[in-house]
Each structure stands twice: as C-alpha cells, then as structure tokens.
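Step one of this worksheet: look at the structure below.
The values are calculated or read from the model by the stated rules, or taken from the named source; none is laboratory data. Worth saying up front: this structure is predicted, and the values here are computed from it rather than measured. No Cβ is skipped: glycine too gets one built from the backbone with ideal geometry, and neighbour counts run over all protein chains shown. Heads up: the accessible areas ignore ligands, DNA and RNA and are worked out on the full protein's heavy atoms, side chains in. Shrake-Rupley method; radii C 1.70, N 1.55, O 1.52, S 1.80 Å.
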Amino acid sequence: MEELYKRTHMCGALNAGNAGERVALNGWVQKRRNLGGLIFCDIRDKTGITQVVFDDSVPKELFERADGLRSEYVVGVKGTVRERQSKNPQLPTGDIEIAADSLVIYSEAETPPIYIKDDDKVDDNLRLKYRYLDLRKHGMQQNLTFRHNIAKATREYFDSCGFTEVETPVLIKPTPEGARDYLVPSRVNRGQFYALPQSPQMFKQLLMVGGTDRYYQIVKCFRDEDLRADRQPEFTQVDIEMSFVDVDSVIEVQEGYMKKLLKDIKQVDINTPFPRLAFDEAMERFGSDKPDLRFGFELKKLNDAVAGSEFQVFNDVLESGGDVRGINIEGAAEKFSRKDIDKMLTAIKHYGAKGLFAIKVAEGEIASSLGKFFDQERLQKICDVFPAGAGDLILIVADKPKTVFDSLGFLRRDIAGKLGLLDDSKYEFLWVVDFPLLEFDEETGKYSAMHHPFTSPRLSEAHMLGTQPGKVKALAYDMVLNGVELGGGSIRIHDKNLQKKMFAALGMSNAEVEQKFGFLIEAFKYGTPPHGGIAYGFDRIAMLLSGQHSIREVIAFPKNQAAQCMVCEAPSVAAPEQMEELGIALAPEKADE
C-alpha cells in the first residue's frame, strides 16, 4: 500500500504568499503535459486546481512515473511553492506552481465516460448515472458547499430564536390525502404498512401539544408524484412550528430568517417587512398565487370592453360566467411573429385554453386577429384598459376563470424570460395571504383543503363551514420569491370541536376521521396551545439562491424523471425470500385488451 502524504494545503488555497514553502497536496489529475524536459500536471480537489511541475532535475524514476500519469489518477505530491513564469489569471492559484520532488499514486483510473469539467454539455442521464464523477466538477462541489452553508445559517438562526431541533419519525401511518404515499411493508406486523412522511405535519403539532414551544427540523420528506424541474420523490424541508402565535408572529420570525440567509449566503441586504398580497388580488393581477414581481404585464379584465361584440366566442364565455382577460407586453409588437403566438397557444393548451388572441398596436392603426369582429374604435377600447400604446402587444384569453388565470399567469412569466426580464440578482419577496380555506373539486363533487385539513379558518368565518364553506378564508400564508413558492404555512386548528367541523366540511365521516387522525384528536383533548408554522422547500431555496434552474443541481444524488436512482439502479426487484418473509405477492400483470 502506498504511503499517505498528509496534505498541508487544499489545492485551491495556495497563492503567491506561500512562495518558498514546502507543501503536500492530494487530489485528482486534471491533465498532464510533457514538454520534453518538463512535465506539467494539474492537481484538483474540491477547492480548485494547482499546477505541479516535474523537471529533469528529479530522479529519472520519478520523472518517468510522472510521465505515466493520466486524467483522474488519484495522487499525492510534495514540493516547494514558487512563482510561475507564465501566470494564469483565470485561476485563483495562477500565480504559483509546485516544483515537485515526490509523487505517490494512490489509485489509477480508466478513461471516464464523462468529462470532469463544468459546462461539458453531457447528457443528463449520463450525469446521473455517473454522478460520483459529475460531483468532481468544481461547479457541483460549489453547489454542495452552498447548500451546506444554507443549512448552517438555518440552524444558527433558529437556535438564536429559541427553537429546538427535533427529529420526527420516518416510519408513520399511511394517510392517503393529497399526493400518494410511499409504503413500507412491516415484517413484524404482516399485512400492515408504514408510510414515509410527506411532511412531519401531525408530529410537529403533537410537539406543540407536548410543550416544545418552538420546533424546527431540516427533514427528508417523500411524495410519490410526477416529477418536474423543482420536484423530487424525496426532498428536504425546513420544517417549523411555534406555540402561542398569530399570523404576524410567524411572519416576523420568517422574514428574519430570510434576511439572515440573503446576508450570510449572498451578501445581499433585503428590506423587511415583505409586501403582503391577498390571494384574490394576486390571481386578478398576476394569474398566479406565486406572482413574480420583477416585471409588469399585469392581467386586466376585459369583460366590459368586449361585451356586446359580434364575436360569438367572447359572448359565449361571458354568458357562461367565464372571463375575458389580457396582458400587455410593452414594446413587443414586432418581437413576436404570428408563428411565435401560435407556439404560445400550443403551450397554454396544457392549461385548457382553446384560443389566444393578439392585438398589435401601431401609430394610427391597431392590427388584430379580432379585426373581423372589432372595428378600430372597439379595439382602442380594449387598448385603453391597460393602457397600451404604439409598439405594444396585447394577448387575450377567454375561458373559465381558472383556465384564464393559469394561461395568462404562465404566459407573462414565459414571455418575461424570453425578453430577458428575469434578473436573478433581484430578490422580490412577498407573502400571499387570505387563501380560500377549501376548494371545490368538480370531478368528485367535494371540497378539499387548499393547504391541509389542519389549517385554521378565520375565526370570524368559522361558522360558515357548515353552510358556505367555499367562502371561508384561511389563516394561511405562502412566502414567494421571484415567482417561486419558497414555503407555505398556516395557523393550525387547536380546538378539537373546530377540527371536527373542518373534517365534516371535507365530507369525512366520524369513522374515517378516527381511522386516519384519531391519535391527533385524542391528543387535543388534553390541552393544546394555539400554534402555527411553515415549511420551506430547502432544495428550492438552494436552487434559487445559487442561480440554478433545477433542484437536481443542488442535490448530491437526485432521481431522474422516472423516480429512479441511476447510480444504484433503485427501485429494483426484491428477492423472492424477502417477499415471502414480508407476506407480499405481486399481482399478475393485466393482459392488454
């Protein structure tokens, strides 16, 4: 076994101030160059790269050994730091090099299937399969360190505010609400199953019953759902709960948390308090309950401006209780062609939109696909609602309110991205508040909780739960940054009778409540403090603050779009003896009909 060189420095830590020092480095070979009597070798670790030089003054055996180095060999070198003759301003260590006099090869390496360098444009599936190689890249190591620093600042802040970090169970009771649970079979209790937690929600409420007062946890959660750029089947939350608080109390503590994060991690001072926007206003103005405030393009209602027109599509929408709304993209009339607008329509069909109507405003004339049904005076009436001027582009959607909001909410942010208006150096925080407590599902004919069934209604409206549940507002709040929901929370129901009313409004029978949540209701019998909290998507925070566009970039070993770990090839088939021990048999696959 080769001798271990105990390193004196990390590779990225040396500079001209170290000239003349004898050092020992360990790392991977980035590349080697033989220039005859000189061998240059770049040694890399997670902190950076240092150039090492072997010249013909070293023993022949050492020179030949250095000449045999290949990319990704793991080595140790000893030598003396000296000033480089040909400096490299692109490297933090570019002023120096190591005149090596000793070399140890810890392990050799085959040619890697991906390049170990940032921006190599390698296929994502290859990156995930060989993640341990991908992680050697400087950018990925920076991302992991960045994530570590967020966790460190999180713990420092909540500790300073009197919070206790408590670990809650990972094997819990299945509660088939919302997303699907990941189930874990019990060997000891055959035929029974645990679930992996989608959230520690009920346990953190039990901690409040237990007198913990202020709790937080950086915790793994699990949801068996379809994936997107900012979704993973296993993800990390910053989970928080507080006793004897109201909405303002929770918000004040959370704004302090964000202020510390931005200062410590980004060296950015943000202003508090954050603006608060009611859910209804957010939808009316931005078509989204997580609006991006870095640009304009606010939605405008056009019902009055188009009422009584000859265009039957608009008339039918208005008669059925729908809306006609639009956004004005200032100065964009010539930036988007008919073909571009057709692509926009294709994109919003995903939200159920059936049409997209454009108006281009020019000096003295307004051109529009609505021109057959609207004269210039009518078109000007629409323009005046915004108001729009020469060079502007108005985009209109007419449909059910939800379809209109979703479509235009998507378009305003998508177009802002195409126009380069999504400035990552700006941090536009806000709170969205006054959410509806419940939302009606037309397919099931039932109400469901917009957040979760433990969210408290406004106490002044609680009496309407049995008669007008759709009109009740929640004591809920979401923190939004640049169009992304960082976290959501609420004041919880702490009165067992109110909790039972909430379950009844959700159409749950007493037996169903007892089966799913009986242990929580039981706990509430013994004195429960008023409490509330919030949970943040830790991966999302790391993604946004690091300027990445996918949470995969800030997770060491993420899953792919099929929820598979490509490194260890999970999920995989269980051995027959394991299945038998657990009392599980797979159902036969259904034959294609």
With respect to the numbered conditions (1) among the basic types (Lys, Arg); (2) at pLDDT 95 or above; (3) more than 19 Å from the chain's Cα centre (by Cα), which one is the sole condition not fulfilled by Arg190? (2)
Mind checking which residues of segment 562-579 are of a type outside the set (A, V, I, L, M, F, W, C), surrounded by 11 or more Cβ atoms within 10 Å (Cβ to Cβ) and more than 30 Å from Arg127 (Cβ to Cβ)? Gln578
How many residues does segment 268-294 hold that are under 21 Å from the mean Cα position of the chain (by Cα) and part of a loop (DSSP other than H, G, I, E, B)? 11
Residues located in segment 522-557, provided they are loosely packed, with under 15 Cβ neighbours inside 10 Å and either without any contact (Cβ under 8 Å) to a residue 60 or more places away in the chain or among the aliphatic types (A, V, I, L, M) (or both): Glu522, Lys525, Ala556
Glu330: passes all of (1) open to solvent by 70 Å² or more (accessible area, probe 1.4 Å); (2) at pLDDT below 95; (3) in contact with a strand residue (DSSP E or B) (Cβ under 9 Å, 6 or more places away or on another chain) but (2)
Of (1) in contact (Cβ under 8 Å) with a residue 12 or more places away in the chain; (2) closer than 16 Å to Arg82 by Cα, Gly37 satisfies all except one. Which? (2)
Taking segment 454-472 and keeping only residues that are open to solvent by less than 80 Å² (accessible area, probe 1.4 Å) and more than 20 Å from Glu241 (Cβ to Cβ), one is left with Arg458, Glu461, Ala462, Met464, Leu465, Gly466, Gln468, Pro469, Gly470, Val472
Among the residues of segment 486-507, which ones are open to solvent by less than 60 Å² (accessible area, probe 1.4 Å), within 30 Å of Tyr216 (Cβ to Cβ) and not hydroxyl-bearing (Ser, Thr, Tyr)? Leu486, Gly487, Gly488, Gly489, Ile491, Arg492, Ile493, Leu498, Gln499, Met502, Phe503, Leu506
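Answer yes or no as to whether Val245 is under 18 Å from Arg155 (Cβ atoms) and either touching a residue at least 60 places away in the same chain (Cβ under 8 Å) or in contact with a helix residue (DSSP H, G or I) (Cβ under 9 Å, 6 or more places away or on another chain) (or both). Please lay out each step first, then the result.
On the way: under 18 Å from Arg155 (Cβ atoms): no; either touching a residue at least 60 places away in the same chain (Cβ under 8 Å) or in contact with a helix residue (DSSP H, G or I) (Cβ under 9 Å, 6 or more places away or on another chain) (or both): yes.
Against the criterion (under 18 Å from Arg155 (Cβ atoms) and either touching a residue at least 60 places away in the same chain (Cβ under 8 Å) or in contact with a helix residue (DSSP H, G or I) (Cβ under 9 Å, 6 or more places away or on another chain) (or both)), Val245 does not qualify.
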